[in-house]
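Below: one structure, written as structure tokens.
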Amino acid sequence: MDPLKQKFFEKSSKLKAEVKSLLKEKGDTKVDEVTLKQVYGGMRGVKSMVWETSQLDPIVGIRFRGKSIPELRDLLPRVEGGKEPLPEGLFWLMLVGEVPTEEEVKWLTSQWAARATVPQHTFDALDALPKDTHPMTQFSIAIVSLQTEGIFAKKYSEGLSKLDYWDATYEDTMNLIAKLPRVAAYIYRRSYHNGDHIAPDVTKDWGANFAHMLGIPGEDFKSFMRLYLTIHSDHEGGNASAHATHLVGSTLSDAYMSLAGGMNALAGPLHGLANQEVIKWIFKMLDALETKTPSKEQIRKYVKDTLAARQVIPGYGHAVLREPDPRFVEQKRFAKDNITGSDIIEVVWKCFEVVPEELMALGKVKNPWPNVDAHSGAILVHYGMTEYSFYTVLFGVSRAMGVLSALCWSRALGFPLERPKSVTTKWVTEYLEKQKETTTS
Ligand code: HAX
């Protein structure tokens, strides 16, 4: 057994036993109550699932295994001379709850390099699609097409013991994450660079090899990719891409089918697609204002016009967070440290000074602050990646690490089929009626 798998087996066996006795002793303890507003309102805040890899606090933001993003930057291994954490290190931390050593991260990089070969039929399936197919559609199709490599589905059809579900899921997770940068880079190059593909360089770490295959030059972009892939990976279990992966996975669909489900959720404009919408909205604003350096007052007027047209300001607001997203703050820090004189980044910073006031003035927005998607596009544009329809694929490559490590935990802990209860409005009105009768009688 490989060292990571061995660690995962030991940790998950221990937690499985703990959870078993916890449920035996305290299984009927109430941990939440649900209001009608929550039932109709997208289940905000309802505690209804377990997600071991990260947890979100409305004020301090995301913590991966208890560690904040600035803490991760200090703790996780980096390449020699590098300033940003290696995403491989975060995957290790999420999967087994321990900060890896440099040697362990090197081992993981080499594992993923060894598992990265993409079957020809995935490239053929992509090449059969019109070039202007949205990159997220291509990404989802490619992930499903990779299922031919799946170990869990194959073993299950041959008769797999429940006790071994986690093992096959771990193998699928490692294989799938290893292949995603190549698949994503293939989509980028076929969509925007005449199919002029760049061969992988297995001497590089996972993020740097991805940057290399995308064809965006420079050490700074490699550095940004490492940071980007780290901070977009996980946001506890209730967000749409994580929850969709979890739900599909709960049917014992394998890692490939589950991740494709998650990616289809990520492709929505209220979720991951917001990263393309932000830059699209900024480009439109600059066109409309006929300047690359709008003033705050010009931006304010454009924001007001967007809101008056009953459209959202992309990149702002969040279902859980109530402060500026630390992932936004971290990208701002990266831009400050590494980039000077970028008009588009200045625009993002000016928006940060204007948009929250305007959203607060609406009187209904619970969180007027920027989220993860408000900043990334401007940095990508700065490095030459202007094709914003591709941005959500970058997010997807990173998100795979969080949702698939969580899927390994779901299998190891033996989580059952997810099946909440739905009701009709007729049921609701009758229930309320009955409650009135009981309180008045
Ligand atoms: N612009 C305009 N209106 C906004 C808004 C924004 N950025 N954010 C919230 N609102 C509005 C909502 O549309 C809602 O209006 P109605 O009552 O008329 O329907 C009202 O304010 C209350 O919403 P909320 O409770 O504050 O927010 P929700 O939990 O319902 O929604 C969203 C959270 C992220 C979907 C929302 O803030 C939004 O649409 N933001 C813009 C899109 C975006 O950036 N999405 C990415 C989010 C982070 C993420 O998942 N990244 O991948």
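The values are calculated or read from the model by the stated rules, or taken from the named source; none is laboratory data. In this text the structure is predicted, and so the values were computed from the model without any measurement. For neighbour counting, all protein chains shown are included, and Cβ atoms are generated from backbone atoms with ideal geometry for every residue, glycine included.
What to note about this one:
- Residues in segment 41-80 that are part of a helix (DSSP H, G or I) and within 16 Å of the ligand (Cβ to nearest atom): ILE69 only.
- Within segment 255-272, residues that are more than 18 Å from VAL144 (Cα to Cα) reach partners that are more than 10 Å from the ligand (Cβ to nearest atom) with beta carbons closer than 9 Å, at six or more positions or on different chains, in the pairs PRO269/GLN276; GLY272/MET136; GLY272/MET263; GLY272/TYR391; GLY272/GLY396.
- Candidates GLY272, GLY317, GLY268, filtered to the one that is near the ligand (Cβ under 10 Å from one of its atoms), modelled with pLDDT of 95 or more and farther than 26 Å from ILE177 by Cβ: GLY317
- Matching entry among PHE328, PHE390, PHE395, PHE283 (being within 26 Å of the chain's Cα centre (by Cα), over 30 Å from GLY261 (Cα atoms) and not hydroxyl-bearing (Ser, Thr, Tyr)): PHE283
- Considering (1) touching a residue at least 60 places away in the same chain (Cβ under 8 Å); (2) in contact with a Phe, Trp or Tyr (Cβ under 7 Å, 6 or more places away or on another chain), the lone condition that ARG190 does not fulfil carries the number (2).
- Of all residues in segment 379-407, exactly one satisfies the criterion of being farther than 22 Å from PRO87 by Cα, polar (S, T, N, Q) and assigned to a helix (DSSP H, G or I), namely SER389.
- When GLU353, GLU346 are checked against the criterion of being more than 13 Å from the ligand (Cβ to nearest atom) and either closer than 30 Å to GLY42 by Cα or in the same structural domain as VAL183 (by TED's automatic domain parsing) (or both), a single residue qualifies: GLU353.
- Tallying residues that are near the ligand (Cβ under 7 Å from one of its atoms) and assigned to a helix (DSSP H, G or I) within segment 358-373 yields 3.
- Test: SER241 is assigned by TED's automatic domain parsing to the domain that holds LYS47 and either basic (Lys, Arg) or assigned to a helix (DSSP H, G or I) (or both): yes
- Candidates SER376, SER410 - the one that is in a helix (DSSP H, G or I), closer than 22 Å to ARG226 by Cα and among the hydroxyl-bearing types (Ser, Thr, Tyr): SER376
- Taken together, the residues in segment 32-49 that are touching a residue at least 24 places away in the same chain (Cβ under 8 Å) and exposed (fewer than 14 other Cβ atoms within 10 Å of the Cβ) amount to 3.
- Failed item in (1) buried (at least 17 other Cβ atoms within 10 Å of the Cβ); (2) within 13 Å of the ligand (Cβ to nearest atom), with VAL381 passing the rest: (2)
- Of all the listed residues (LEU413, LEU407), the sole one being more than 22 Å from GLU219 (Cβ to Cβ), surrounded by fewer than 22 Cβ atoms within 10 Å (Cβ to Cβ) and in the same structural domain as GLY215 (by TED's automatic domain parsing) is LEU413.
- Of all residues in segment 63-104, those being of a type in the set (A, V, I, L, M) and closer than 27 Å to LEU417 by Cα number 4.
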